[in-house]
Amino acid sequence: MRSRKRIPVAILAVGSLALTATACSDDGAGSAEPLESLDIMAPFFSAVPPEEDDPIDAALSELAGLDISVQWVPNTDYGAKTNTVLAGDDIPDVMVIQGKDQAFVQTAEAGGFWDLTEYLASGDYPNLVTENPEVQEASSVNGKVYGVYRARDVIRSSVILRQDWLDNLGLELPETTDDLYEIARAFTEDDPDGNGEDDTYGMINPMWGGIGNGSPYDAIEVWHGSGNLWTEEGGALVPAFTTPEWSQALEYERDLVSNGYVNADYATMDPATWNEPFLNGEGGIILDVQSRAAQLVGLFKEQDPDNFDKYVGLAGQLEGPNGTFAMPTAGYSGFLAVPRAGVQTEEQLKQVLTALNELNTTEAQNLMNHGIEGDNFTVEDGVAVFDTSKQDFTDQVTGAWAQLGMNVAGYNAYPLQQPTEYDQALYQLRLDLQAEDLANAVFNPAAGFVSPTYTTNGAQLDTIIADARIQYIAGQIDEAGLQAAIDNWHASGGDEVTQEINDLYAELN
Amino acid sequence: MTTVLEVDREPGAPPSRTPARRRRLWTDAVRYRWLFLLMLPGVLYFVLFRFWPMYGARIAFKNYIPFLGIDGSEWVGLTHFREFLSNPDFPRLLENTLILAGLSLFIAFPLTIVLALLLNELRLQILKRTVQTLVYIPHFLSWTVVVSITALLFAIGNGPLWTFLGWAFGTDANFLADPDWFRPLILMQEVWKNTGWGTIIFLAALAGVDQEQYEAAVIDGAGRWQRVWHITIPSILPTIVVLLILQTGQILNTGFEQIYLMSNSLNRTVADVFDTYVYFAGIEQGAYSYSTAVGLFKAIVGLVLIFGTNWLAKRFNQQGIF
Amino acid sequence: MNATNHKRFNTRAGRVFDVFNVLLLTGVGLIAILPFVYVLAGSFATELEITTRPFFVWPNEFTTTSYESILSSDVIVRAFATTIAVTVVGTFVQLALTALMAYPLSKVDLPGRRTILSLVVFTMVFSAGMIPTFLVVKDLGLLDSYWSLILPMAINPFSLIIIKNFFQQLPQELEESAKIDGANELQVLRHVVIPLSKPVLATFALFYAVGIWNDYLSPLLYLSDTSKWTLQMILRQVTAAASLSAEEMSSDVPPPAQGIKFAVVIIATIPVLLAYPFLQKHFAKGMLIGSVKG
């Protein structure tokens, strides 16, 4: 008897618990009332995320006119979190979307995000009007702008070399890919460090997955004139890796490797250790973003404080055998989109856009990128000078709040103070090289097109080509093997992707 | 039942259980009321957190878009299963997965038992405890750390192990990129990381062994090896069998992180397994329906294997899991 | 016992084996610990030394800057306390639920036992996945509650089955005699079964504790409130940074220094390491069954 009574009671108890819990969790999110707070979901890179009582939060809330509350997610796991959040019903008002993956595109096309194209074009939000329409176009889904993109430098790629080795050998900074080849040879064979031993090599390449995402190989291929992922040929778009220029570039890369001018572990080296061979005097050339040069200067400063300015040489992008082409970045890194589940009415949307507009003022840019003026930094002669005793806070600002920065209408925050004249000169050189290379930048003509087949199979398709490239360079496969991989790409969905991209190209151009 | 019980039981003691006869539900409920009551929280747990979510697993048959919800998403039937099984890479994925699982089952797993037995034979208590503590430490390092340390050790030119192997065997292989070395490296990492940890469960089993048995065996003149063979091994045999059965159910789960981190363009032909494939084809792209479909497929295979090996174990008079 | 103990090992072959065994296991122990020592040494080394030396077990220049920069944050200290509390409570709850369910299932004559076990095994090979589980946790109102870190993983089917099997192997006559003395099943479990199963329960306490301690997925999915985050979640961005792709490495935010990563590994590992010898005590009680019987 007792058991019969107790079991149902227990079940009932749990059942009612579940019921009340469900009722409680529905806190009225997504009503039509004007917003009182702005919930934003964003990734962070800093060691520790900011807290709710963060001074930047308070200052930005005041600027935006809405109480800003950011749900911080470690950058590493941002994708997983995004998808569970979209599945729930407690959806933030603004979400940083990192890329046009399948879940985002499908949600957007099903009406899950506001189409901002008209609103941004209206001019009602001057700080959200892009100064770079190509980039906004590239961030769109087939012409529909679902978010305010987060602007990035368009030119970042560069050649970084051991200046002291060049000086020892009486060589100049490279201007062409042939110069680079000769320097790589000399760094390997001519004892650039003068220690009498054969213990150096030319170029340092780390392991790199995917194609068209800024690898040293991509750079060399663009310089050879292969185009940037897609290129126009007779009125139609074709993948860059089907061009003869691409094959020519691959041969160049293979020769570098087979002659031993590249580190032996180029297929496996952890990119986190990219600086090490350069710093230790094993390799002398890095093809990567300009900011790495500044990073290396900082490390040499620790190692050899008296001569740190003798080690790092920085060159712009190189002229290839077929002309002068520069590799740009995508120009943006994801965008801030507005989910319809959180922001239900047009009035609310306008509130959100007004707030985002305020977050793009110079004042907000200084807050998000530098911190609190007079606290962790001061302004001297128009440049931001940081208080080193508050470095942790500064790091948190740049690693978290800066991730909310859009800067689509220009970036006007104070420039950073450079520690030495040498650093200042290097910084100026970077700006000059950027301006110079921008004129030759080869953009991806298909950046704004979303091909459904690529959205589902893109990662595998890219891997086919990226693997074949490395295998060819390593001598594991020959021209026929490379061609077989490209055929495999076509057969595994590449043909559909090409078709879809070209349909969009015809439709939207 | 196992030999342990036979030894434990005093001679002449009556068998402790009468076979359950068919009775009416009501009498059962009364008779077992305490047991049912004890089990209730656990059963509720399984219903709430394990089975209720499975209702959501019907996204395997749909084109799930989070924004539309499970019910709002389009029903596509077996499309995802077909797509997976007709993938031209499927045979290669299966082969790679099975080889890695086989290495783990036939080499790593027995090594765990061997290490547990060796530890059990160690008489110096202080050393025993120290070694036990040391060997279980690697379990706490994440695969990220294990893989970066491996890269450090096998680095061409200055890696300590690369240098040593070159000196000892005259090899200058690029261990990290060579497809022939991929599986040995994966196995080595797994053995290093998890063998010590795996012994814990056997040592717990060994702790339950009646010391009197050993003493009685000594009096009977049994040698050391005989004691291990006739007392120690039988006493952990049920644990071994259960672990083995459960592991066969995981045969298609090689784990993602380790393999993903160890794979590169030059060894991908041997490194691609179901878990890495699903990650790139499904999870990274946010294609949850597809990855759920693959998960379901793996579950069915796992289930068949578990029931199969359990049946085999019963045939060999072992306790099994049911 | 000591006398027989000596007798049973003191043959010549036995001694040779002992020497071999001591050497072998010492070697195994060293191999197990060396990479960890590298991480430990690296956490006290300067960034320059980590970059320039391939592998070392003692830093040339000793520095604690990595630890200072991590521990300077109140957030970490708070997360540490949270994690310890959740781990202690969670381990207790999970182990109790598991043992309570394992005990009835160890009775071979329990009606419905096979069905329940089959269903349990099914959950072991198939989990519904991240989103369906998230939706259930949400519907139960557990989002942003510490219980979301404990309850969804309360019973590990693997642990349940192993514990059940251990219970099943215990001598039945002890339970029978307790029942004759008028004990109910709960009392039998508490006073007979659990004391006899201390080694295995200690083992699974450790398994559960480590599971909660290392879990970052539950806090990631279920806790939006940063102030409730556990240690692994707070440190996630640092520990996972090593697996960043080259593309991400080249972003504007420089990756965390190697020294910081090493220090984070040490900070996150040491507490669970400390728990082990504590539980090891129970493993040593190998005479339990014998002594109860005696």
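Assigned to a helix (DSSP H, G or I) and open to solvent by less than 20 Å² (accessible area, probe 1.4 Å): does that describe B:Tyr45? Write out each step before concluding.
Values: assigned to a helix (DSSP H, G or I): yes; open to solvent by less than 20 Å² (accessible area, probe 1.4 Å): yes.
Considered against the rule, which asks whether it is assigned to a helix (DSSP H, G or I) and open to solvent by less than 20 Å² (accessible area, probe 1.4 Å), B:Tyr45 comes out as yes.
What is the residue count in the range A:178-198 for residues that are of a type in the set (S, T, N, Q) and either surrounded by fewer than 18 Cβ atoms within 10 Å (Cβ to Cβ) or part of a loop (DSSP other than H, G, I, E, B) (or both)?
Residues that pass the stated criteria total 1.
Can you spot a residue in the range B:274-282 that is over 20 Å from the mean Cα position of the chain (by Cα), in contact (Cβ under 8 Å) with a residue 40 or more places away in the chain and crowded, with 22+ Cβ neighbours inside 10 Å?
So far as the range B:274-282 goes, yes, one or more of its residues are over 20 Å from the mean Cα position of the chain (by Cα), in contact (Cβ under 8 Å) with a residue 40 or more places away in the chain and crowded, with 22+ Cβ neighbours inside 10 Å.
Kindly provide the set of residues from the range A:62-90 that are open to solvent by 20 Å² or more (accessible area, probe 1.4 Å), among the β-branched types (Val, Ile, Thr) and either assigned to a loop (DSSP other than H, G, I, E, B) or facing chain B (nearest Cβ under 9 Å) (or both), ordered by number.
Result: no residue meets the conditions.
Across the range C:165-184, which residue is farthest from C:Lys228 (Cα to Cα) among those that are within 10 Å of chain B (Cβ to nearest Cβ) and assigned to a loop (DSSP other than H, G, I, E, B)?
C:Pro171
Restricting to the range B:163-177, give me the number of residues that are open to solvent by 30 Å² or more (accessible area, probe 1.4 Å) and either polar (S, T, N, Q) or facing another protein chain (nearest Cβ under 10 Å) (or both).
Qualifying residue count for the region: 4.
Could you tell me how many of the residues in the range C:128-138 are at the interface with chain B (Cβ under 7 Å from one of its Cβ atoms) and within 27 Å of B:Ile245 (Cα to Cα)?
Matching residues across the range C:128-138 total 3.
Among the residues of the range C:204-238, count how many are in a helix (DSSP H, G or I), of a type in the set (Val, Ile, Thr) and more than 9 Å from every other protein chain (Cβ to nearest Cβ).
Summing the residues that are in a helix (DSSP H, G or I), of a type in the set (Val, Ile, Thr) and more than 9 Å from every other protein chain (Cβ to nearest Cβ) in the range C:204-238 gives 1.
Looking only at the range A:416-433, decide whether some residue is in contact (Cβ under 8 Å) with a residue 40 or more places away in the chain, over 19 Å from the mean Cα position of the chain (by Cα), closer than 27 Å to A:Val96 by Cα and away from every other protein chain (no Cβ under 14 Å).
No, that holds for no residue.
Scanning for something crowded, with 19+ Cβ neighbours inside 10 Å, among the hydroxyl-bearing types (Ser, Thr, Tyr) and in a helix (DSSP H, G or I), does the range C:150-164 turn up at least one residue?
Within the range C:150-164 (the criterion being crowded, with 19+ Cβ neighbours inside 10 Å, among the hydroxyl-bearing types (Ser, Thr, Tyr) and in a helix (DSSP H, G or I)), the answer is yes, since at least one residue qualifies.
Would you check if there is a residue in the range C:175-193 being more than 20 Å from the chain's Cα centre (by Cα), at positive phi and open to solvent by 40 Å² or more (accessible area, probe 1.4 Å)?
Yes, the conditions are met somewhere in the range C:175-193.
Just to be sure before I move on: is B:Val294 buried (at least 22 other Cβ atoms within 10 Å of the Cβ), free of Cβ contacts under 8 Å to residues at least 40 places away in the same chain and under 15 Å from B:Leu93 (Cα atoms) in the structure I sent?
So B:Val294 does not fit the description; no.
Given the conditions (1) closer than 14 Å to C:Asn21 by Cα; (2) surrounded by fewer than 19 Cβ atoms within 10 Å (Cβ to Cβ); (3) in contact with a Leu (Cβ under 9 Å, 6 or more places away or on another chain), report the number of the one that B:Arg123 does not fulfil.
(3)
Run down C:Val93, C:Val108, C:Val125 and say which single residue is facing chain B (nearest Cβ under 7 Å) and touching a Leu at 6+ places or on another chain (Cβ under 9 Å).
After ruling out the rest, the residue left standing is C:Val125.
May I ask you to list pairs of residues, at least six apart or on different chains, whose Cβ atoms are under 8 Å apart, with the first in the range C:139-152 being within 12 Å of chain A (Cβ to nearest Cβ) and the second being open to solvent by 40 Å² or more (accessible area, probe 1.4 Å) and acidic (Asp, Glu)?
Cβ pairs passing all conditions: C:Leu143/A:Asp90; C:Asp144/C:Asp225.
Considering only residues that are within 33 Å of the chain's Cα centre (by Cα), more than 9 Å from chain C (Cβ to nearest Cβ) and among the aliphatic types (A, V, I, L, M), which ones fall in the range B:203-228?
B:Val228
Is at least one residue of the range C:185-195 under 30 Å from A:Lys81 (Cβ atoms) and either within 7 Å of chain B (Cβ to nearest Cβ) or not hydroxyl-bearing (Ser, Thr, Tyr) (or both)?
Residues of the range C:185-195 under 30 Å from A:Lys81 (Cβ atoms): none.
Checking the range C:185-195: not a single residue is under 30 Å from A:Lys81 (Cβ atoms) and either within 7 Å of chain B (Cβ to nearest Cβ) or not hydroxyl-bearing (Ser, Thr, Tyr) (or both).
One line per residue, one yes/no per condition, for (1) in the same structural domain as A:Lys144 (by TED's automatic domain parsing); (2) among the aliphatic types (A, V, I, L, M); (3) in a helix (DSSP H, G or I):
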position: A:Asn407; (1), (2), (3): yes, no, no
position: A:Leu429; (1), (2), (3): no, yes, yes
position: A:Phe449; (1), (2), (3): no, no, no
position: A:Thr463; (1), (2), (3): no, no, yes
position: A:Gly494; (1), (2), (3): no, no, yes
position: A:Asn502; (1), (2), (3): no, no, yes
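Among the residues of the range B:155-176, is any under 27 Å from the mean Cα position of the chain (by Cα) and more than 28 Å from C:Leu273 (Cα to Cα)?
Yes, because at least one residue in the range B:155-176 is under 27 Å from the mean Cα position of the chain (by Cα) and more than 28 Å from C:Leu273 (Cα to Cα).
Go through the range C:1-79 and tell me which helices (runs of 4 or more DSSP H), entirely inside it, have 2 or more residues that are modelled with pLDDT of 90 or more, farther than 26 Å from B:Gln213 by Cβ and open to solvent by 30 Å² or more (accessible area, probe 1.4 Å). Show your work before the answer.
Numbers: elements: C:2-9, C:12-43, C:47-52, C:65-71.
In the range C:1-79, C:12-43 are the helices (runs of 4 or more DSSP H) which contain 2 or more residues that are modelled with pLDDT of 90 or more, farther than 26 Å from B:Gln213 by Cβ and open to solvent by 30 Å² or more (accessible area, probe 1.4 Å).
Please specify each residue of the range A:263-277 satisfying the condition of being touching a strand residue (DSSP E or B) at 6+ places or on another chain (Cβ under 6 Å) and away from chain C (no Cβ under 12 Å). Don't jump to the end; show me each part of the working.
Taking the range A:263-277 and keeping what is touching a strand residue (DSSP E or B) at 6+ places or on another chain (Cβ under 6 Å), we get A:263, A:277.
Selection gives A:Asn263 alone.
Among the residues of the range A:199-252, write down those that are assigned to a helix (DSSP H, G or I), closer than 14 Å to A:Ile501 by Cβ and among the β-branched types (Val, Ile, Thr).
Of everything in the range A:199-252, just one residue is assigned to a helix (DSSP H, G or I), closer than 14 Å to A:Ile501 by Cβ and among the β-branched types (Val, Ile, Thr), namely A:Thr242.
Where in the range A:275-381 are there strands (runs of 3 or more DSSP E), lying fully within it, with 2 or more residues that are under 22 Å from A:Arg430 (Cβ atoms) and open to solvent by less than 30 Å² (accessible area, probe 1.4 Å)?
Fully inside the range A:275-381 and qualifying: A:283-289, A:312-315.
The values are calculated or read from the model by the stated rules, or taken from the named source; none is laboratory data. If you're wondering where the values come from, they're calculated on a predicted model, not measured in any experiment. Because the Cβ atoms are built from the backbone with ideal geometry, glycine has one as well, and the counts that use them run over all protein chains shown. SASA here: full protein model, heavy atoms, side chains in, ligands and nucleic acids out. Shrake-Rupley method; radii C 1.70, N 1.55, O 1.52, S 1.80 Å.
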